[in-house]
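K.L.:
Attaching a single structure in structure tokens format; questions to follow.
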Amino acid sequence: MQLPRTPSFGLAGKRALVTGGSRGIGLGCAAALAEAGASVVVAARGADALDAAVTAMQGQGYQAEAWTLDVTDVEAVRAGIEARGPFDILCNSAGLARHGPSIETVPEDFDAVVGVNLRAAYFLAQAVAQKMPRGGAILQISSQMGHVGGPERAVYCATKHGVEGMTKAMAIEWGGRGIRVNTICPTFILTELTASTFAQAEKRAWIEEKIKLGRVGEVEDIMGAVVFLASDAAAMITGTSLLVDGGWTAE
């Protein structure tokens, strides 16, 4: 009897683009894909942090290069992918949050968050998909807030719910091209960008009470999910969300 074999989680020979990859969740995604064998182009706006991240990755023997990029510049995205592509994997971790009471939201903040989290994510995925070979994987780093609501997060929730819907539609359209499109939806992850939130005792208590596993998330909690969805082990998974939320949305 011939037993079935587990598909490979390895990414050797694959080329990956990770946006927002200079720190936090994005850096974790870039490192995870590189550790699994992919050649990774790491994109971010800040050149200094980006160069430091790529240097650290190269120091570990990973294949990595830097691309200084503002993802909201659609033409720069298209031109850069034309020059650097095609990519087998896209992991879009670029994001923006401007939290506050919805009754006080100003158009400038609304437009800025939508511009990064939804508009840029849409046209980035489109540009990569146009050149992507069959078997490619597009991953959007969404949020548990794409499935629930939260106080002072109306604009952020609107964009992440939008990413969830966009992902489902793209998965339907691009399935015939052999491209899988999914989201990863983290809970609150401890990074330098969220440190100020966790420093507030009341907010940290609220977060920890909602996470059923009883602890806040760490960057390492996202890394395995990224490799899984990018690999052949997830070859039949598209148009869905992988919630890395410690049970937050189980209610």
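K.L.:
Out of (1) assigned to a helix (DSSP H, G or I); (2) surrounded by 15 or more Cβ atoms within 10 Å (Cβ to Cβ); (3) among the hydrophobic types (A, V, I, L, M, F, W, C), the odd one out for Ile172 is which?
P.N.:
Here Ile172 clears every test but (2).
K.L.:
Something else now. Applying the selection to the range 69-96, what residues are among the polar types (S, T, N, Q) and either crowded, with 18+ Cβ neighbours inside 10 Å or part of a helix (DSSP H, G or I) (or both)? Talk me through it step by step, then tell me what you get.
P.N.:
Within the range 69-96, the first condition is being among the polar types (S, T, N, Q), and the residues that meet it are 72, 92-93.
Result: Asn92, Ser93.
K.L.:
In the range 1-60, which residues are closer than 22 Å to Asp73 by Cβ, assigned to a loop (DSSP other than H, G, I, E, B) and charged (D, E, K, R)?
P.N.:
Arg23, Arg45
K.L.:
Report yes if Arg98 is over 15 Å from the mean Cα position of the chain (by Cα) and under 19 Å from Pro186 (Cα atoms), otherwise no.
P.N.:
Considered against the rule, which asks whether it is over 15 Å from the mean Cα position of the chain (by Cα) and under 19 Å from Pro186 (Cα atoms), Arg98 comes out as yes.
K.L.:
Follow-up question, since we're still on this one. Here are some residues: Ala12, Ala66, Ala76, Ala31. Which one is touching a strand residue (DSSP E or B) at 6+ places or on another chain (Cβ under 7 Å), more than 30 Å from Gly149 (Cα to Cα) and of a type outside the set (Phe, Trp, Tyr)?
P.N.:
Residue meeting the stated conditions: Ala66.
K.L.:
Looking at Ile207 and the list (1) over 24 Å from Thr167 (Cβ atoms); (2) touching a residue at least 24 places away in the same chain (Cβ under 8 Å); (3) of a type outside the set (Gly, Ala, Ser), which single condition is not satisfied?
P.N.:
Single failed check for Ile207: (2).
K.L.:
For the range 1-42, name all the residues that are more than 18 Å from the chain's Cα centre (by Cα), surrounded by 15 or more Cβ atoms within 10 Å (Cβ to Cβ) and free of Cβ contacts under 8 Å to residues at least 40 places away in the same chain. Give the steps one after another, and end with the answer.
P.N.:
Restricting attention to the range 1-42, the residues satisfying the condition of being more than 18 Å from the chain's Cα centre (by Cα) are 1-10, 12-13, 37.
This time we only want the ones that are surrounded by 15 or more Cβ atoms within 10 Å (Cβ to Cβ), so: 9, 37.
Hit for the range 1-42 is Gly37, nothing else.
K.L.:
Pairs, please: C-beta under 6 Å, at least 6 apart or cross-chain, first residue under 24 Å from Asn117 (Cβ atoms) and in the range 79-92, second among the polar types (S, T, N, Q) and crowded, with 18+ Cβ neighbours inside 10 Å?
P.N.:
From residues that are under 24 Å from Asn117 (Cβ atoms), the pairs are Asn92/Thr19; Asn92/Gln140.
K.L.:
One residue is enough: does the range 21-34 have a residue meeting the conditions among the β-branched types (Val, Ile, Thr) and under 16 Å from Ser231 (Cβ atoms)?
P.N.:
no
K.L.:
Further question on the same structure: Do we have His99 as outside any helix (DSSP H, G or I) and closer than 27 Å to Trp206 by Cα here?
P.N.:
Yes, satisfied.
K.L.:
Taking only the range 132-168 into account, find how many residues are assigned to a loop (DSSP other than H, G, I, E, B), in contact with a strand residue (DSSP E or B) (Cβ under 7 Å, 6 or more places away or on another chain) and among the charged types (D, E, K, R).
P.N.:
Adding up the residues that qualify gives 0.
K.L.:
For the range 229-251, what are the residues that are of a type outside the set (S, T, N, Q), crowded, with 17+ Cβ neighbours inside 10 Å and not in a loop (DSSP other than H, G, I, E, B)?
P.N.:
Selection gives Leu229, Ala230, Ala234, Leu242, Leu243, Val244, Trp248.
K.L.:
Which of the residues spanning the range 102-117 are free of Cβ contacts under 8 Å to residues at least 40 places away in the same chain and in a helix (DSSP H, G or I)?
P.N.:
Passing the criteria: Ile103, Glu104, Pro107, Glu108, Asp111, Ala112.
K.L.:
Select from the range 200-230 the residues that are within 15 Å of the chain's Cα centre (by Cα) and either more than 13 Å from Pro186 (Cα to Cα) or of a type outside the set (Gly, Ala, Ser) (or both) and list them in ascending order.
P.N.:
Answer for the range 200-230, where residues must be within 15 Å of the chain's Cα centre (by Cα) and either more than 13 Å from Pro186 (Cα to Cα) or of a type outside the set (Gly, Ala, Ser) (or both): Glu218, Val219, Glu220, Asp221, Ile222, Met223, Val226, Val227, Phe228, Leu229, Ala230.
Bear in mind that the values in this text are calculations on the coordinates, not laboratory data. Because the structure is a prediction, the values reported are computed rather than measured. FYI the Cβ positions are ideal-geometry reconstructions off the backbone, even for glycines, and counts take in every protein chain you see.
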